[in-house]
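**Q** Sharing a structure below in structure tokens format, with a few things to ask.
Just so it is clear, none of the values below were taken in a lab; they were calculated from the coordinates. Just so it is clear, the structure is predicted and the values come from calculations on it, not from any experiment. Virtual Cβ from ideal backbone geometry, glycine too; neighbours counted across all protein chains shown.
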Amino acid sequence: MPRLTRAESQARTREQLLATATQLFLRDGYFATSLEKVADEAGFSKGAVYSNFGSKDELCLAVLDGIHADQALQIGAALSARGGFDRRLAALRRWAERTLGDEGWSSLEIEFASQARRDPDLRAELARRSVAIRALIATMIEAHADDFGIELPLPAADLATALLSLGVGLGLQRALDPTVPARVFTDVVRALAAPR
């Protein structure tokens, strides 16, 4: 087996650090997870962490970027389900039941947002990412409306903000009380975007 190039080795180290950090942040939380712990669990030195990420905040941003990208793919797959509106909504409901209320993810988002309260630069980074997420959701909403000839009751950007807010809030509520039904999310989607 040929030796890895320096760039390949660095990329592999970064991937391993991200995977380990994701596991630890989701299991133990942002505040309880130190860079030393990430390095130890991944089998690297703390210097390896710093050569890939400038700070714990930068590492957590990368972790959240990965989680958000994965969730966007899952939502996109649900909304691309073959069949009509009801099949897509059923796929979206399965995603909501699996995902909204995940205790590790919900807690990590809240902890990290509270960290951003103390740091205007970090807050700006989170805001920039939120704009990108809302734009992606708006694009999905517009595509859905085009597929089914739906006249949206609000601009897609406003609906995206409302649905993201509902998802975050419902995720928090379900993390605290798993009996809160995930179907609330898809019931709101149906009310706002069902074909008439």
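**Q** Quick one: Debye curve from the C-alpha atoms of region 58-128, no solvent, what's log10 I(q)/I(0) at q = 0.13, 0.14 Å⁻¹?
**A** These q points yield log10 I(q)/I(0) values of -0.49, -0.55.
**Q** Read phi for every residue in region 94-100 and hand back ³J(HN,Hα) as whole Hz from Karplus 6.51 cos²θ - 1.76 cosθ + 1.60, θ = phi - 60°, with x for Gly and Pro.
**A** 4, 4, 4, 5, 6, 10, 5
**Q** Would you give the gap between the C-alpha center of region 92-114 and the C-alpha center of region 1-37, rounded to a whole Å?
**A** 22
**Q** If the only charges are +1 at each Lys and Arg Cβ and -1 at each Asp and Glu Cβ, what is the size of the charge dipole of the chain around the Cα centre, to the nearest 20 debye?
**A** Numbers: 24 positive and 26 negative charges, 62 e Å.
Using only the charged Cβ atoms, the result is roughly 300 debye.
**Q** Read through the labelled values (i) 57; (ii) 65; (iii) 61 and report the label of the one computed as percent of Cα pairs over 20 Å apart from the structure.
**A** (iii)
**Q** Now for a separate question. Quick one: P(r) of region 1-54 from all Cα-Cα pairs, 5 Å bins, percents rounded to integers, in order of increasing distance.
**A** It works out to 4, 22, 29, 23, 12, 6, 3, 1, 0, in whole percents.
**Q** Tally Lys and Arg at +1 and Asp and Glu at -1 over the other residues with C-beta under 15 Å from the C-beta of A7: what net charge comes out? Don't skip to the end; give the middle numbers.
**A** Values: positive: R3, R6, R12, R14; negative: E8, E15.
Surrounding charge for A7 is +2.
**Q** What do you get for chymotrypsin sites (Phe, Trp or Tyr not before Pro) in region 91-157 restricted to DSSP loop and a cutoff of at most 16 other Cβ within 10 Å of the site's Cβ? It would help to have the intermediate numbers written out before the result.
**A** Working: sites: W95, W105, F112, F148; in loops: none.
Passing sites in region 91-157 do not exist.
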